[in-house]
1. Among the residues of region 229-271 satisfying the criterion of being touching a residue at least 60 places away in the same chain (Cβ under 8 Å) and surrounded by fewer than 20 Cβ atoms within 10 Å (Cβ to Cβ), which is farthest from Asn434 (Cα to Cα)?
2. Regarding Phe319, is this residue away from the ligand (no atom under 16 Å from the Cβ), of a type in the set (Phe, Trp, Tyr) and closer than 24 Å to Glu117 by Cβ?
3. Quick one: Lys309 ticks every box in (1) in contact with a strand residue (DSSP E or B) (Cβ under 7 Å, 6 or more places away or on another chain); (2) of a type in the set (Lys, Arg); (3) within 15 Å of the ligand (Cβ to nearest atom) except a single one, so which number is it?
4. Within the bounds of region 193-216, is there any residue that is open to solvent by less than 10 Å² (accessible area, probe 1.4 Å), in a helix (DSSP H, G or I) and more than 16 Å from the ligand (Cβ to nearest atom)?
5. Out of region 54-82, which residues are buried (at least 16 other Cβ atoms within 10 Å of the Cβ) and either hydroxyl-bearing (Ser, Thr, Tyr) or touching a residue at least 60 places away in the same chain (Cβ under 8 Å) (or both)?
6. (1) in the same structural domain as Phe268 (by TED's automatic domain parsing); (2) under 23 Å from Ala441 (Cβ atoms); (3) in contact with an Asp or Glu (Cβ under 6 Å, 6 or more places away or on another chain): which one isn't true of Arg76, the others all being true?
7. Quick check: anything in region 111-132 at pLDDT below 95 and open to solvent by 60 Å² or more (accessible area, probe 1.4 Å)?
8. Can you tell me which residue within region 225-238, out of those that are at pLDDT 95 or above and among the polar types (S, T, N, Q), is farthest from the ligand (Cβ to nearest atom)?
Amino acid sequence: MNSTLQHDLIQIEELLNLTQQEALAFLAKINEIPTTPVFENCEKAKLNAEGISGKEALKLFKERFGNMINSSTGPRYLGYVTGGATPASIMGDWLATVYDQNTQAVKGQGDLSANIELETIQLLLDLFNLPSNFLGGFVTGATMSNFTCLAVARQWIGKLKGYDIAKEGVQSAINILSATPHSSSLKSLSMLGLGSRNLIKIKTKTNREALDPKSLQEEIDQLNGEPFILISSAGTVNTVDFDDFIFINELKKKYNFWWHIDAAFGAFAACSPRHKDVLNGWEHADSITIDGHKWLNVPYENAFFFIDKKYKLEQIETFQNSNAPYLGDPLEAFNYLNFLPENSRRLKALPVWFTLKAYGKIGYQDIVENSIQLAADFGKFIEKNQNFELLAPVCLNTVCFTLSGEVNQEKVGDFLQKLNATGKVFMTATVYNNKKGIRAAFVNWLTTENDLIIIQNMMGEVLNKS
Ligand SMILES: *Cc1c(COP(=O)(O)O)cnc(C)c1O
C-alpha cells in the first residue's frame, strides 16, 4: 500500500473527527455564512506528485475554498427551489458514503441496497398517500426522473406504433403535449431523441400556468386517435400552478395516452391535509417525478420516479443493461440496473429512509406547512408594501413578485443583484407574463419568521440606497 494511504488508514478516526468538526463548524455558522457565493478562478491547478495526506488536504481545502462556500443549505437561500438537509438525512448520507454499497446488485444478492431502496419507496408512497401499483426508484434529480419516466412512455408509444424504440430508435414523430413543462422535460425530450421542438403547446388558463382543458381537448381532437404523451405539472416553478388532474383522469377513460406528472416539489402538498386537494386524481397517472433534494430536505443528488408497474416490460426494454433476454418475472430477480439509467449507484435511499423514519408524516407535514405559511406571510408583505407587487397570487411555497410600476421594470435586475449582494438572502430572477420578476421559494426546513424579518429589512435597505 502507498505509504500516505497507509498513514491515512491508521489515522482514519482522527480524519473523520476533523471532518466532523468542520461540518459542525459550518452548520453552527449557517445563519451568518453569506447566502451568495464569492467566486474565485479555480481552473488553473496542477496535481502534486506526492500526496499530502487527508489531514493536509482538509487544511488546504479550508484555506482555498472555505470562505467561498455559501449557505445554500441555510434558511435564507430562496433561489430556485433549494432545500436543505435535515439532521437525520445527513446521518443517512454519511453512512451511505461509508457503507459504499452499490445499488446495482440483484435484490437479495450481492448487497442489501436494493432491499433498502424498495423499502424506502414504500415509505415514500405512504408519505404521499399513493397506491402501491407504482414501481419506484432513485435517480440523481427530477431531470433524470423526468427522463426515466418519459423514456418508458416513449417505449410504450413505440410499441403501439408497432416497433421497439429501445432497439430500433425513434422511427416516426411522437406527439407530446404540455402547457407549462419544466425546462428539464424539454431537456429530456432532447436527450431521448424526441426533439424538444416537437412539443405541442397546450394553451394555459387565462393568467395561469395550468393547462386549459378546452385547448387540451382541441389538440387531442387534432390527433385523430393517435396515441400521445401528456406532460402535466404539479407545481410550476413561477406560480406553483397545478393542472386539473380530475379532468385529465376523465380524458384517460376516453383516449389512449401516457400521463406523466412532474411533481418535483408540488408532490409535497400531499403532506398537508389542508393543501393536498390540489393533487386530487394524481394517483391515476402513469408516471410521476418527485425530487428528494428539494422539499424533502435531503442532500443532493436525490430524486425518485414512480412508474405504474403495468409498464414493467416497457421499463425493462428501455433500461435493460445486457442484451440477453430477461429470464423469468423481472420483478422477481429484481435488479435496479435494468429499470433506470444508471448502472452502479450509491445508496441514495439511505438519507431518505433516515429522515422519513426520524420525522415521520407529522414531521413532514410541519416542514411543508411551515414553508407554506412563510410564503403566505411574505406574500402579504409584498402586497402591503407599495414598492412591490405580486406577479401572481401566492400558491403553496413560492412568491413571484416585482418592483411596482411599469417604469421600475428596468430596475428589477439591479435591485435583485444588490439584494443578493447583501449576502443575507438569495432569490432568483424570472420572467412572468412578459414582466421581469423575482422568485422566492420556501422549502428549507430551517427558515423561520425571524428570517422573514431579516429579509424584509434587507429589501428596505436596498430600496433606500438605490
Ligand atoms: C427542480 C425541478 C426540476 C428539475 O430538477 P433537478 O432536481 O434540478 O434535476 C424538474 N421539474 C420541476 C417542476 C422542478 O421544480
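The values are calculated or read from the model by the stated rules, or taken from the named source; none is laboratory data. Computed from a predicted structure; not experimentally measured. Because the Cβ atoms are built from the backbone with ideal geometry, glycine has one as well, and the counts that use them run over all protein chains shown. Accessible surface is based on the protein model in full, side chains and every heavy atom, while ligands, DNA and RNA are left aside. Shrake-Rupley method; radii C 1.70, N 1.55, O 1.52, S 1.80 Å.
1. So, considering only residues that are touching a residue at least 60 places away in the same chain (Cβ under 8 Å) and surrounded by fewer than 20 Cβ atoms within 10 Å (Cβ to Cβ), the one farthest from Asn434 (Cα to Cα) is Asn256.
2. So Phe319 fits the description; yes.
3. (3)
4. Yes, the conditions are met somewhere in region 193-216.
5. Across region 54-82, the qualifying residues are Asn70, Ser71, Ser72, Thr73, Gly74, Pro75, Arg76, Tyr77, Leu78, Gly79, Val81, Thr82.
6. (1)
7. Yes, some residue in region 111-132 is at pLDDT below 95 and open to solvent by 60 Å² or more (accessible area, probe 1.4 Å).
8. Within region 225-238, the match that is farthest from the ligand (Cβ to nearest atom) is Ser232.
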